[in-house]
Amino acid sequence: MSCHATALVDLPTGPRVVGQIRTVALVGPPNSGKSTLFNRLTGMRQKVANYPGVTVEQHYGKLSGIRRPDLTLIDLPGIYSLDSYSEDARVAVDVLQGTMAGSPPVDAILLVLDSLHLQRQLMLAAPILALKLPTLVLLNMSDLMEVRGGAVDTLALAQELGVPVAKISGARGVGLEAIPRFLNQRDAQVDPLAGVAATQRLELPVVGNARSYRQWATGVSTRTRYKAPLSPEWTRKLDGVLLGRVTGPIIFLLVVLGVFQVVFSVGLPFSDWSQNLLNNAGDGLGRHIHPAWLDSLLIDGIWKGVASVLIFLPQILLLFLFIGVLEDTGYLARAALIADRVMRLIGLNGKAFIPLLSAYACAVPAIMATRTIENKRDRFATILVAPFMTCSARLPIYLLVIAAFVPNRRLLGSLLGLQAAVMLGLYVLGFLAALFTARLLKSSVLKASPAPFILELPQYRLPTLRGLGMRLVDRGGVFLKQAGTIILAVTIGLWMLSHVPLHGGHFPELANSFVGKVGRWIEPLIHPLGFNWKIGIGLLSSVIAREVIVGTLGTLYGMDPQTQALGLQQALHHDLTLGGAMALVVFFAFAMQCTSTLAVVKRETNSWRWPIVQFVYMSVLAYVAAFVTNQVVSRFF
């Protein structure tokens, strides 16, 4: 059979009444290509990653990709079993059984199995079929299976399972016509397998018995003449190098160094171009705005505040482009195995690597991704250290300070620039803080016995331009949404507070405004860190979201007559010493400045105790580290 063969073709009739389908659940093990298929069927922009921990909640979409927009598709977490104690398995079970609050009852199931590992993945089919919901089994990556010499009798498998089976390729969109046909037949109240499996008596294994599932899956794969495909020789050789005990960590380090170097060497010119464009546009608009107070609000307050953040969009997108390439090729799943050795030294399970890795984008989904960790103490420890990972919200302040204070000299010949090295050092600093805190937690209040780490490695494959493009659009959209909502609101509020109280009907000087008085009040507390009152206002505003500080500083320095003619980088260079500048980025490397993260920690731990402890601990650590940094740099540099 070709890779789009299906057991739905010309089946005997014999109608059977079934309920009309309105909601369809997409179920499958991790690495089965389920999320890729979901995006193709619905056209939704959803992050595609083929290992556990990415899809931890159900996602909804209309089946517009197969011209059935009247049907809703629910993308459930990638799971190996319905009997697991992990949070993602509980989500899948609750949705499938109709007990998930706010989720519509499921009328049919699309079960996605990776045909490259069909015998092992059939173990999930048994508990799914036991639910007795209309089910279509989709053998994904069938094109790769056949190219590599694998085979399976699709019709025999359909008879064994008692449900229709189709070979598809979700990445290429091949064989997907079986899905609307299955759904249409159900809507027409016709059983697509009526008569075919009449002579077969479907005997499912004992529910909840893993050994029984394994024996049943082996028997089914044998009777359907399943031939497992061979892994390409180049894949085995590549894994031997990338997963080598010595070569693996070295290659991973070189990849990371290369990514940061490219972000600076390629991204910086684009950021400079963006800055010039936005500054010129602001100056041009300002000449046509009257009266003076409106010009001050729109240009000095809003425009300079928001633009000071937007100029870093090219470098942020470039970083996520590289992360996307590494994810989609399957390399980052290998990195998880390498990181497992380090994770075990601090008492964490290797599964913690995936949430911690995703925290480099944002801590909120990373904390939600910890639901794949079965052990509660391991899960809580991962939640508490995830905000130490350098998320994209820290990137604008890092880029701003590094560009202003660190010369663009070359290190290691021409392999690495000094700016890229400093940026990498900040990422390493956050990672080391996470490891130290995790070790502290796992040796005290969250001590637990180690759990095994099981991860099925995805196939090496080339990233698609469509997938990478959708990811960049998503990340850019999130960044612009922040700039257009939170940062915009903060800059407007700052402008208003910096123009009160009025003195004789005139606006006060910035230092004598309400904002200036608050800054002067907290300045003695932050002076030992090398910060002035403007930095203090930025720190207060950034409690809402880290990247807000750049917009805040852009607004404050844009309204100050002493620095109004200077760019933000030059203004910081005017007000901060090198020690204060380095202390600022170190403070941001450690501090918990994100109300959204605190809220999701409260929700995931079901207690305010943990987010409060987390906020206090990270704030104290940030203050002490910034103080030490300022003292050391000021004395020796």
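Quick note: the coordinates plus some simple rules give every number you see, no bench work behind them. These numbers were taken from a predicted model, which means no experiment stands behind them. FYI the Cβ positions are ideal-geometry reconstructions off the backbone, even for glycines, and counts take in every protein chain you see.
Short version: ³J(HN,Hα) in whole Hz for each residue of segment 160-176, in order, from phi by Karplus 6.51 cos²θ - 1.76 cosθ + 1.60 (θ = phi - 60°), x for Gly and Pro, what are they?
After applying 6.51 cos²θ - 1.76 cosθ + 1.60, I find 5, 7, x, 9, x, 9, 9, 8, 9, 9, x, 5, 9, x, 9, x, 6 Hz.
Can you tell me the order of 255-263, 276-284 when each peptide is scored by its average per-residue count of other Cβ atoms within 10 angstrom, highest first? Walk me through the numbers before you get to the answer.
Working: 255-263: 17.8, 276-284: 13.1.
Ranking the peptides 255-263, 276-284 by packing returns 255-263, 276-284.
I want to verify the translational diffusion coefficient of segment 473-636 in µm²/s; compute it with Stokes-Einstein, Rh as the Kirkwood radius over Cα pairs, at 20 °C and 1.002 mPa s. Show your work: numbers first, answer last.
Values: Rh = 17.0 Å.
D = 126 µm²/s.
In which sequence would Lys442, Lys132 go, from the one with the fewest C-beta neighbours within 10 Å to the one with the most?
Numbers: Lys442 19, Lys132 8.
So the residues, fewest neighbours to most, are Lys132, Lys442.
If you rank Arg223, Arg67 by fewest surrounding Cβ atoms within 10 Å, what's the result? Intermediate results must be reported in sequence, preceding the final value.
Numbers: Arg223 13, Arg67 8.
Starting with the residue having the fewest Cβ neighbours, the order is Arg67, Arg223.
Long-range amide H contacts for Val112: which residues qualify at under 5 Å (H placed 1.01 Å from N, peptide plane, sequence gap of 5 or more or a different chain)?
Val27, Gly28, Leu138
Which entries of Lys167/Lys351; Lys34/Lys481; Lys34/Lys167; Lys34/Lys237; Lys376/Lys602; Lys34/Lys62 have Cα-Cα distances beyond 19 Å here? If you can, show how the numbers build up before the last one.
On the way: Lys167/Lys351 31 Å; Lys34/Lys481 28 Å; Lys34/Lys167 14 Å; Lys34/Lys237 27 Å; Lys376/Lys602 15 Å; Lys34/Lys62 16 Å.
Over 19 Å apart, Cα to Cα: Lys167/Lys351; Lys34/Lys481; Lys34/Lys237.
Would you kindly calculate the mean projected area, averaged across all directions, of the convex hull enclosing the Cα atoms of segment 94-135, in square nanometres? Can you show the working numbers first?
Details: hull surface 12.7 nm².
For segment 94-135, averaging the hull's shadow over all directions gives 3.2 nm².
Using the Karplus curve 6.51 cos²θ - 1.76 cosθ + 1.60 with θ = phi - 60°, work out ³J(HN,Hα) for each residue of segment 220-235 in order, rounded to whole Hz, and write x for Gly and Pro.
5, 5, 5, 5, 9, 6, 6, 10, 5, x, 7, 6, x, 4, 5, 5
Only Cα pairs under 8 Å and at least 6 apart count here; give the relative contact order of segment 509-637 as a rounded whole percent. Mind dumping the intermediate values first?
Values: 136 pairs, mean separation 35.2, N = 129.
Once divided by the residue count of segment 509-637, the mean separation gives 27 percent.
Take the alpha carbon atoms of segment 154-168, find their center, do the same for segment 585-631, and report the distance between the two centers in whole angstrom.
Segment 154-168 and segment 585-631 have Cα centres separated by 53 Å.
Once amide H atoms are built 1.01 Å from N in the peptide plane, which residues 5 or more positions from Asp83, or in another chain, come under 5 Å H to H?
Under 5 Å from the amide H of Asp83 lies no amide H from a residue far enough along the sequence or on another chain.
Take Thr485, Thr595 and order them by how many other Cβ atoms sit within 10 Å, fewest up front.
Working: Thr485 11, Thr595 14.
Exposure proxy ranking, most exposed first: Thr485, Thr595.
Excluding residues fewer than 8 places away in the same chain, name every one of the lysines whose C-alpha is closer than 16 Å to that of Lys517.
Counting by Cα, and skipping residues close in sequence, Lys517 has these lysines nearby: Lys534.
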